[in-house]
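As structure tokens, the structure follows; a few thoughts come after it.
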Amino acid sequence: MFGRRTPANDLADEFWANVQPGEVLLRAQGITKRFPGGVVANDHIDFEIRAQEVHALLGENGAGKTTLMSILFGLLQPDEGEIYLRGHPVRFSSPQDAIRYGIGMVHQHRKLVPAHTVLENILLGHPKARGVLNVREAAEEVAAIAEMYGFNLDLYARVWQLTEGEKQAVEIVKALYRGAHILIMDEPTSALTPVETDRLLEAIERMTANNLGVVPFITHKMPIIFRISDRVTILRRGRVVATLPTRDTNERELAQLLVGREVLFDIQKPPATPGDVVVEVEHVTARNDKGGLALNDVSFSLRAGQVLGVAGVAGNGQHELAEVLAGLRPVEHGRIRFLGRDITTASVLERWQLGIGYTPAERTEVGSIGDFTLVENVTLNYFWDERYVQNGLLNEKKLRALTESIIETYQVVTPSPDVKAKTLSGGNLQKVIMGRVLSRQPKLVIANLPAQGLDIGATEFVQRRLLDARAAGAAVILISEDLDEILMLSDIIAPMYEGRIVQLIPAEQADKETIGAMIAGGRTRANA
Amino acid sequence: MLAFFLRSLEAAMIFTFAGVGELVDQRGGVLNVGVEGIMLFGATLGFIVTKTTGSYTLGFVVGVLVGALLGLLHAFFSVTLRVDQVVSGMGIWIFGFGITTYIGSAYTGPLGLERLPTIGGLSPFFFVAVALVGVVWFVLDKTSWGLAVRSVGEAPDVADVSGISVTRIRYACTIFGGALAGFAGALYALYYNPVWNYNFLMGWGFIALALVFFSMWNPILLLGGAILFGTLWQLSLNPELLLPGLFSRYIWRTVPFIVTILVLVLISTDWFRSRWGGARPQALGEPYVKE
């Protein structure tokens, strides 16, 4: 048929008949993948998934997780090794092959069309959706599957209206409607609220009860492994380090296997020594890109040497708050004062010069220019600084020396300061961005999702640098979706929900359950 | 007065054919700003073939074929080679304008054949155009093909992992759009205004292009817009019919283009985007590169 690559009938039904509990559904043997330039992303990886089992794959960025996932889903083909499904060797030359064989994928960056309805997204590419769509019949079937796994989906809502948890549910239902027997989930709990996480775990339980196998790929958020999985396989530098039953291990052991050295989990935060008030935000209101109210009467003040932890699920105004403070978004009502000065309408450059530093969440779009070298990217924060620019001419020697010192101090792994920023890994790029901001010794640091997507080692590093800034007398505004991170680093916690700060809570009086309930607003769309 | 409205509807018919083709193209994520060039080719080659052979059928077939071929060329540039779609489309327009002027000037003058028949004073193709709008609306909204086209235009990566071939869909849409533009051009030169002279199409392809934006990518609204623009065009030719003595006809003739510019300005405002922004195919104009 026009536009479709796969044959009309899925193999799934006959192939997957009579699966026995505990049967090995998929076995990958000796999977090896080399990339041009000699990088061995996967080095003889053995891995299996049984029916009724959740088998987690744990690895840092660069450990070869993405490559393995791509091979299991047919996006890449291994140079060596075999994949067996129920004992039969199979080859996936495209994701369509993998889907036809009953492999489902739930992407971390959701693969859904935002402008289309939930139902249209689920039907897209389904072999039953041919010619004129039989919407009513499909809707009934999809609703039955959603209900079976405890998802409450509005099939006619547009995907852009959904929460992250609901989008994930759409992807899961799409894969199951397509006949998946093995579900691969990339970072399944990232960006979910605690309530949504509970619901996901329940759905996974129902899947395993139905003889499915579930393979979550996890970079950080280690506690979830103990809630979700029966077995865990740890990858390091492209190799399987160990496969363990989850109940026989603990976080410390996993972390050690993962990083190859001991990791200190609890960063000890020295007691706060609050100084003068640095920033005062008074009744600030602002709009998002779509014209909706993003910040609704937000007020707080923060002293030198304090960390304000802004907690919340994506899309509740934290991002706009960061941009308003950094001068990237206009304030509709209210005032912002910095060291007693009104900066409500001050430009970005004025704020920099006054001593505000911003590390954006979008490292590759806003935080850096991919085609610029590291020196040039560092220059972007110094092009107005008289120490580095004289009579409009950049002092390249000094800027280079500065970049080199940032690379050294912040342990950036790079062959030279002259490589393009886009060649760095996420963690290294974040270190460059943090380095160039913090080396100006700002009096206010706004860190938007500083550890998002980083592996354990880089996360720890970034968190320590923020505490260093605090110790050096800076006020730090930390925006994070990770409640553990918020609780660990903050002196004051500001849970945000629908553009408001629910309540300002001193860290010593805060606990995870209360904050979790506050950022979920006590209710979510999914269970409303 | 009746003749005025019939003539307006026939102009609308030509805008509709070219516009619906471009609309399908854009819903699939490919922008073709070279509609004018493709129409010029369809018009000129169709005109020459019909004038030489005396066969209308052959003229229309050649118009459709040359349009499809130019659509294929645009698809090759913008989908396979991933060049900037605006550059490729402008290239097709400039190419079309130059070549058709060169080969057509020898045939300057009227077609000199008996006029094609009409139904109630309207070309039968008018009814085909209306039916086509209905069919395209149905296919885009209610069938799996339409879903595939829309998904490719909104989020090609999603379509890709769902088992849709982005390349095939985009080629199909672009060739379809080209064929319809070629047909619209042939219809212009063989029926609406069967006289070849320099720049005889006078920017109708650009009006059709603007209509797609004007319609917010909805074929039904496109038909309405086509009738509005067709009427404005006729008005510009006979302004004394409605407003005698006001401005010269040359000023009136600019009106459709001024309206076009105003429409384009309007749809690029924040105000418009925040209300109707969802209508624009999100991947419009962006080549798809597999990760």
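With respect to the conditions (1) basic (Lys, Arg); (2) under 25 Å from B:Gly63 (Cβ atoms); (3) within 14 Å of another protein chain (Cβ to nearest Cβ), B:Lys142 falls short on a single one, namely (2).
Against the criterion of being under 19 Å from the mean Cα position of the chain (by Cα) and either away from chain A (no Cβ under 13 Å) or closer than 30 Å to A:Asp97 by Cβ (or both), B:Ala155 does not qualify. Annotation note: of A:Leu308, A:Leu325, A:Leu321, A:Leu302, the sole residue that is modelled with pLDDT of 95 or more, surrounded by 17 or more Cβ atoms within 10 Å (Cβ to Cβ) and under 22 Å from A:Trp160 (Cα atoms) is A:Leu321. Please go through segment A:191-207 and pick out each residue that is open to solvent by 20 Å² or more (accessible area, probe 1.4 Å) and farther than 21 Å from A:Pro495 by Cβ. Hits for segment A:191-207 are A:Leu201, A:Glu202, A:Glu205, A:Arg206. Taking the conditions (1) crowded, with 24+ Cβ neighbours inside 10 Å; (2) more than 17 Å from B:Gln282 (Cα to Cα); (3) not basic (Lys, Arg) in turn, B:Ile169 satisfies each one other than (2). Scanning segment B:86-132 for residues that are more than 27 Å from B:Gly224 (Cα to Cα) and in contact with a His (Cβ under 8 Å, 6 or more places away or on another chain) gives B:Ser88, B:Ile92. The number of residues in segment B:137-157 that are surrounded by fewer than 24 Cβ atoms within 10 Å (Cβ to Cβ) and over 27 Å from B:Gly224 (Cβ atoms) comes to 1.
Considering only residues of segment A:111-136 that are under 18 Å from A:Asn152 (Cα atoms) and surrounded by fewer than 20 Cβ atoms within 10 Å (Cβ to Cβ), which is nearest to the other protein chains (Cβ to nearest Cβ)? Selected residue: A:Thr117. Scanning segment B:161-191 for residues that are in a helix (DSSP H, G or I) and at the interface with chain A (Cβ under 8 Å from one of its Cβ atoms) returns B:Val161, B:Arg168, B:Ile169, B:Ala172.
A quick yes/no check of all residues on (1) touching an Asp or Glu at 6+ places or on another chain (Cβ under 9 Å); (2) without any contact (Cβ under 8 Å) to a residue 12 or more places away in the chain; (3) closer than 16 Å to B:Met13 by Cα:
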{"residue": "B:Gly182", "(1), (2), (3)": "no, no, yes"}
{"residue": "B:Leu190", "(1), (2), (3)": "no, no, yes"}
{"residue": "B:Tyr198", "(1), (2), (3)": "no, no, no"}
{"residue": "B:Leu201", "(1), (2), (3)": "yes, no, yes"}
{"residue": "B:Trp204", "(1), (2), (3)": "yes, no, yes"}
{"residue": "B:Leu209", "(1), (2), (3)": "yes, no, yes"}
{"residue": "B:Phe214", "(1), (2), (3)": "no, no, no"}
{"residue": "B:Ala226", "(1), (2), (3)": "no, no, yes"}
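Across segment A:397-418, the qualifying residues are those that are at pLDDT 90 or above and over 26 Å from A:Asp468 (Cα atoms), and the one among them that is most open to solvent (accessible area, probe 1.4 Å) is A:Lys397. Filtered by the rule that a residue be in contact with a strand residue (DSSP E or B) (Cβ under 6 Å, 6 or more places away or on another chain) and either open to solvent by less than 70 Å² (accessible area, probe 1.4 Å) or part of a helix (DSSP H, G or I) (or both), segment B:85-132 gives B:Gly104, B:Tyr107.
Against the numbered list (1) modelled with pLDDT under 90; (2) more than 25 Å from A:Asp154 (Cβ to Cβ); (3) open to solvent by 20 Å² or more (accessible area, probe 1.4 Å), A:Gly522 comes up short only at (2). Restricting attention to segment A:350-396, the residues being of a type in the set (D, E, K, R) and open to solvent by less than 20 Å² (accessible area, probe 1.4 Å) number 2. For segment A:64-100, a residue qualifies if it is within 13 Å of chain B (Cβ to nearest Cβ), crowded, with 21+ Cβ neighbours inside 10 Å and either assigned to a loop (DSSP other than H, G, I, E, B) or touching an Asp or Glu at 6+ places or on another chain (Cβ under 7 Å) (or both), and the qualifying residues are A:Phe73, A:Gly74, A:Phe92, A:Arg100.
The values are calculated or read from the model by the stated rules, or taken from the named source; none is laboratory data. Just so it is clear, the structure is predicted and the values come from calculations on it, not from any experiment. Don't worry about glycine lacking a Cβ; one is built from the backbone with ideal geometry, like all the others, and counts go over all protein chains shown. These area figures cover heavy atoms from the full protein model, side chains too; ligands, DNA and RNA do not enter into them. Shrake-Rupley method; radii C 1.70, N 1.55, O 1.52, S 1.80 Å.
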